Amino acid sequence: MVTMKNFIQNLPKAELHLHIEGTLEPELMFLLAKKNGITIPYNSVEDVKKAYSFDSLQSFLDIYYAGASVLVDSDDFYELTMAYLRKCHDQNILHVEIFFDPQTHTSRGVAFGDVVEGIIEALGDAQKKYGISSFLIMSFLRHLSQDDAIATLKESLPYKYFIKGVGLDSSEFGNPPSKFQKVFQMAKNAGYECVAHAGEEGDASYIKEALDLLHVARIDHGVRCEEDKELIQRLKKEQIPLTVCPLSNLKLKVMQDMKEHNIKRLLEYGLMVTVNSDDPAYFGGYLNENFEAIATSLKMSKEQIKTLARNSFKASFLSEEEKICYIDRFL
Ligand code: HPA
Ligand code: ZN
């Protein structure tokens, strides 16, 4: 009998909700801090791990943005991305759609081009070395203004060939999707795909706004959709993907216990649910560990786990032909 752990390992998977800055492991953080002469408020890896105890999204974001300050030149972004892609290869992840937060870096004087060039060079090398396909999604920080997001959108245009879409992340409370209606319309006009974080800490109305005002193709997180029965019906009917991140939800206290996570219920309602790791260096696990956590805590069947893995390709921005190639592996 194949154990659940081996079953998960062997399943082909795509990851659709992954912040590259959230893959910065403490060891690389120390290395880059030393290389770039940047002071970080930790003395040891153990120190860092102790600091990774969060009670909300904001408590995590404060530490996450501080950590990202060690990333300075394009080589740093290359190393960061390559380390994650090696992990993908180890975990049988065949396709990735990676978020990056340009404003976190340009606000410190790092050039937009250095960020993108470092990341895309690693994506190209991983395609050649491991056969991993990928897209890059630029996320706007929602705690900043729409004008700042518009300036970032304009900065991205010379790199448009390398960027598949735009997203919306950072502090959800008080920063609803409606704040970014204009920049999302501009991004759509420029040919970008659109996604947005909604319904992580914010209530179901944030999900409706993201759909109705930003016209997004996917909702990142979306777990609070359950509070609105009509919304559930709509998500089901339109098969709008939710990129759910179980260990993230547990660490940021969106759920108090993995046994209370609603991913299994959402799947059983017939929603297009996927599993993702969000910021794995901060939340205690990469993609397979997220699958293992829900399989165990929610007593999910292998068939359900397989559906979630299949959904990850269906919900991706791959072409229909490419999706078929990946999904055929499940037959
Ligand atoms: N939510 C909002 N912003 C983020 C997240 C998240 O889960 N991860 C990185 N930035
Ligand atoms: Zn996220």
Discussion item. Restricting to DSSP H runs of at least four residues, report the calculated mean residue ellipticity at 222 nm for the chain, -39500 (n - 2.57) per run over all residues, nearest 500 deg cm²/dmol.
Written reply: -14500 deg cm²/dmol
Worksheet item: How high is the relative contact order of the chain, given as a whole-number percent (alpha carbon pairs under 8 Å, six or more residues apart)?
Response: 20
Worksheet item: Where does each of T307, T39, T296 land when they are ordered by accessible area, with a 1.4 Å probe and the largest first?
Response: T39, T296, T307
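In segment 48-130, which chymotrypsin sites (Phe, Trp or Tyr not before Pro) are in a loop and have at most 15 other Cβ atoms within 10 Å, using DSSP for the loop call? Before the final figure, lay out the partial values.
On the way: sites: Y52, F54, F60, Y64, Y65, F77, Y78, Y84, F99, F100, F112, Y130; in loops: Y52, F54.
For chymotrypsin sites (Phe, Trp or Tyr not before Pro) across segment 48-130 that sit outside H, G, I, E and B with at most 15 neighbouring Cβ atoms in 10 Å, the list is empty.
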Worksheet, complete the sentence: GNM of the chain, Cα pairs under 10 angstrom: of M258, M82, M186, the biggest fluctuation goes to M186
Practice prompt. Give the calculated FRET efficiency between D125 and S301 to the nearest 0.05, with a Förster radius of 56 Å applied to their Cβ-Cβ distance.
Written response: 0.90
Item to complete: Evaluate the distance, in nm, between pseudo-label points positioned 7 Å from the Cα of K35 and of I150 along their respective Cα→Cβ axes.
Response: 3.7
Worksheet item: What spacing in nm lies between the two simple spin-label points modelled at K237 and Y161, each 7 Å away from Cα in the Cβ direction?
Response: 4.3
Worksheet item: With every protein chain left in place, what is the accessible area per residue of segment 15-330 in square angstrom, probe 1.4 Å?
Response: 39
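Taking every eigenvalue of the Cα gyration tensor of segment 275-329, multiplying by 5 and rooting it, what semi-axes result, largest first, whole Å?
Details: eigenvalues 107, 48, 9 Å².
Taking √(5λ) for each Cα gyration eigenvalue gives 23, 16, 7 Å.
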Worksheet, complete the sentence: Among segment 278-293, those whose backbone N falls under 16 Å of a label point 7 Å along Cα→Cβ from Q9 are 286-293
Response to the item:
Flagged as over-length at 28 Å C-alpha distance, from K13/K164; K129/K164; K179/K253; K5/K35, the pairs are K5/K35
Response to the item:
Carbon plus sulfur, as percent of the 1.4 Å-probe accessible area of segment 15-330, comes to 50
Discussion item. How far apart, in nanometres, would the label points at E268 and R108 be if each is projected 7 angstrom from Cα along the Cα-to-Cβ direction?
Written reply: 4.5
Discussion item. So if I place +1 on the C-beta of Lys and Arg and -1 on the C-beta of Asp and Glu, and nothing else carries charge, what would the dipole magnitude of the chain be about its Cα centre? I want it in debye, nearest 20.
Written reply: 880
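The values are calculated or read from the model by the stated rules, or taken from the named source; none is laboratory data. Note that the structure is predicted; figures quoted are calculated from it, not measured. Please note: Cβ atoms are built from the backbone with ideal geometry, for glycine as well, and neighbour counts cover all protein chains shown. To get the accessible areas, we keep the full protein, side chains included, count just its heavy atoms, and leave off ligands, DNA and RNA. Shrake-Rupley method; radii C 1.70, N 1.55, O 1.52, S 1.80 Å.
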